[in-house]
Every structure is written in C-alpha cells, then in structure tokens.
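Here the structure comes first, spelled out in structure tokens, and everything after it is commentary.
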C-alpha cells in the first residue's frame, strides 16, 4: 500500500482527533451542549482541533522523520488518552514532573489491562500500519511545495473558523482554559517540551544557604524537660472533608478524637501533587513564588533546624523526599529490610519501629522526626491498609476506578483515612511516653487532596488554577504534650477554623523549636498566630 506524505499526515491527524480526544469532546459536550447552537460550537471546536493537528504534524513530521514522529506521537497520545478518558486528568508539565519523580511501586498500580488495550489499539496498531506503508517521494521541490500548501491550508482553515465564530471563540479562550488542556497529543507534547526546558543542567549546582543566623533562643536546662521532641507526619492524598474531626458523618478519625488533637479545618496545599507540595511545604517560598527549580538550589527549613542544633531524621514510606532530605539523615521504609510491618506492601506504622531507641540516643538535644507516609495514595486505595481496617464496604479492589461504583470508591478511600488515624494515634502514644523528658508535639499535614469521581474527575494533579477544593483542601492536625510551654490546645482552638496553608509550615517548624532567624516570620507561625488570637479573645 502506498500513500503520499500529505495524505499520511492528514489521515494521522484525523485518527488522533477522533480516537485520542474522547475526553476533550466529553468535556466540550458538558460545557456547551445546553447552550444555544451548542453542537455547532462543538463541531467548530472539532474542526479547529483537526486543523491544529494537521498544522503541528505538518511542521514536525517531514522528510525521513515522518514515520518516527507520527509513531511517537501516537504512542504518547494513546497513553495520555487512557488517563484522560479514565480519570479525567490533565497531562501538563506538572503531571509529567510528578510522573518522573514517582517509583515503580506507584507506577505499577497504574498499569491496567485497559491501559494496555489503549496502547495496543490506539498506539501500536496504527503505528504498525504507518511503519509498513510505502510513502511516495517526489523531488525535494515538490515535497516542499506540497508541505507548504498543507500548512497554508491548515492556517487558512484555522483563521476562517476563528473569524466565522469570533463571538464564540473570544469568551472560549478566556473562560474555558481547562478544556484546552484536554487536546491530545498537542497538550502533552507542549507540556513535555516545557518540562524538558525547565530541567536543570546535569552539572551539580551549589545550594544557597539560608537562615545562617538561626539560633535556639531559649537554651535547654535541667531538670525541666525543655528539649523539644516533634514528630511531623507528611500525609499523602488526605482530604480535609473526609476526617470526622472536621464534621464528616462517618467516624474515620476515632483515635485522633480520643487523643484530643486540634484539627485545622481550612488548610490549603501549595500544589496538587507530591512532587510540588512536599518541597513547597519545607521551602522558604510561598505558593505564589515557589518553583521546583528554586527549591533544588535553596536550603529548606530542615537544613536550618539541623544547623541550629536540632537532630533531624527523615523516614520515608513514599516514593522519596523529593529532594527535601538530601542533606539530612534519611531512612527508606519502603522495604522489609527496614520496615517490620510489611504484607502486600510496607505499612506506615512500621516507620515507628526503633524510634524510641533513636530518641534515647539523642536525649540531650532537640529532635525532629519527619515521617513521609504512603497514606491514601491512589488509585490503588485498597492496598493502602491491612484487611483489619476494611471497615467500610463494599470496596473498590482495583486501580481501574471507573469500573467501580462511587460508593465503593468512597468506602475504600475512607478506609485509608481510618488507617492513617490509627498510625497517627500510635505516633502520639510514642510521644506521650516521652513527655517526662521532652516537650512533645505532633504536626500532621497532607501534601494534597484527591478527587474521587466528583464531576468525573479522579486522582489529583490538575493545574492549581482549575483544581477543585477536593485536591487543595487538605487535612491537618496538631497535638501538644502536657509540658509544651507557652501555648496549649486551648490557644490553638482559637484558630482551628482560620484559613491556613502550607505557607505557614516553614515558620511553624522554626517556632516549635524556638529557633529565631532573619528568615523567620512570626506572623506565619501557627503557634504565634494562636498566641495572638488567645490574647485578643474576649
């Protein structure tokens, strides 16, 4: 079978528009079908998408590169189509960054028979036809004229569509930014280029020191337990509205309730993915100024605390610290060599093993222990808890969430919160056992939330400006031991319902250890905010 390069480009563009953009058209129908002339607008969008596809392929798939370019785009587009169609997610540069920073265990949860079907039917099969087809090649001049004509026709069609429906497209580009992100493989291709362009050089870069003037302002003294012992738990994928502490109808946090923690009901995340939120939680930069590049070349609050004399330990049962713990002691608890509580996977509660021995070894100083949990990481929620915590049923025992009922997905996710509640309760009990020797505290904050099928959206990682509250409104609690001076739970209760965010954590950690520095802002320290609120309360 033979064909011309022009015909191959047009047919490939048509195939990609029709078969790789079901999520785009599903969202377009939801947005415009009920409007006057809604289906005409959708048809216009389809024609515009096809013309854009022809234009991009016409520019990229030329000469001897025509087959390799089309094949690569088909395979990328097939994989992207699966995730967009199944979870209604968007593959932007942030999602690519999150994907690149994950590990095999998390990746394995995403590999399903349906994904393989998509890759085969929409990626490998058409790629095989493209590879086998014979391309008629004329002279160089003829090829250039044909390609120029194709590009000019595509541009003319785009211009004509925009002009003919200018009253529709003017508000469309302004009000429907999210829909544009579903164009496939145009958006993934653009996002990949953007991601690669932002990668740092392979050469090591010097990390800028911050808070070099940091010091502990109140020296520890005996026999009063003035040394601080703080456990900070970096949660994973925990929504605030699924904690019964915050009014959720199901009892998902009974152990925390029994330990009288303070729940901060309006905590906002810095990002919608682990790769963004975890570095941002410990960075001096706030949500508006944070970037991955800045975080990689700037020390974080853990570096400052360690420099001030705090013993800092990071234990990880997730994919990694995302660079946060690069310069402090780091222990991996994702395997049975370190974690004694492993069945189908290693459990968060195993990170508590041996901590008492570590505390005893550092009893003459302040201690910060950071525990990065697996928590409620999806889509395989059913793997995130042992069977004894399968309280809410029926459950969704698959990663292919669109095959489960909303009730079973909700049940399975709530079971993960129930297990997190148990883990945090155990951590608090460990701290209680050290109350006589330390001022003890626990701080738990999730990195981001999760969509559970609301409006057809699953998982997380949507661009922040369009992300629903489910992905940015995160669970956060604090517990203070009986000897924690200068503030108590009553003071914290005054601000429990105030708007807080990941931007507060950098300064709150410094405040917990009474570390003062030019980089410390008391107005962002949750403890200092609570003290101020208590003083001004009637």
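The values are calculated or read from the model by the stated rules, or taken from the named source; none is laboratory data. Values in this document were obtained by computation on a predicted structure and should not be read as measured data. Cβ placement follows ideal geometry from the backbone for every residue including glycine, while neighbour counts extend to all protein chains displayed.
Couple of notes before you dig in:
- Residue count for region 487-503 under the criterion of being modelled with pLDDT under 95, assigned to a loop (DSSP other than H, G, I, E, B) and in contact with a strand residue (DSSP E or B) (Cβ under 8 Å, 6 or more places away or on another chain): the result is 2.
- Conditions (1) buried (at least 18 other Cβ atoms within 10 Å of the Cβ); (2) not in a helix (DSSP H, G or I): number failed by residue 138: (1)
- When the helices (runs of 4 or more DSSP H) confined to region 56-117 are screened for residues that are more than 20 Å from residue 378 (Cβ to Cβ), those reaching at least 3 such residues are found at 66-87.
- Output for region 1-22, where each listed residue is crowded, with 16+ Cβ neighbours inside 10 Å and part of a helix (DSSP H, G or I): 5, 6, 8, 9, 10, 11, 12, 13, 15, 16, 17, 19
- When region 31-46 is filtered for residues that are within 33 Å of the chain's Cα centre (by Cα) and closer than 14 Å to residue 161 by Cβ, the ones remaining, listed by number, are 42, 45, 46.
- Selected residue (only one of 443, 424 is surrounded by 19 or more Cβ atoms within 10 Å (Cβ to Cβ), modelled with pLDDT of 95 or more, assigned to a strand (DSSP E or B) and under 26 Å from the mean Cα position of the chain (by Cα)): 443
The rows are residues; the columns are (1) farther than 30 Å from residue 236 by Cβ; (2) in contact with a helix residue (DSSP H, G or I) (Cβ under 8 Å, 6 or more places away or on another chain).
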position	(1), (2)
98	no, yes
118	no, yes
126	yes, yes
129	yes, no
137	yes, yes
140	yes, no
146	yes, yes
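- So residue 417, is it assigned to a strand (DSSP E or B) and in contact with a helix residue (DSSP H, G or I) (Cβ under 7 Å, 6 or more places away or on another chain): no
- The lone exception for residue 305 - which of (1) assigned to a helix (DSSP H, G or I); (2) in contact with a helix residue (DSSP H, G or I) (Cβ under 6 Å, 6 or more places away or on another chain); (3) crowded, with 20+ Cβ neighbours inside 10 Å it fails: (2)
- For region 402-413, the set of residues classified as in contact (Cβ under 8 Å) with a residue 40 or more places away in the chain and surrounded by fewer than 24 Cβ atoms within 10 Å (Cβ to Cβ) consists of 402, 406, 409, 410, listed by residue number.
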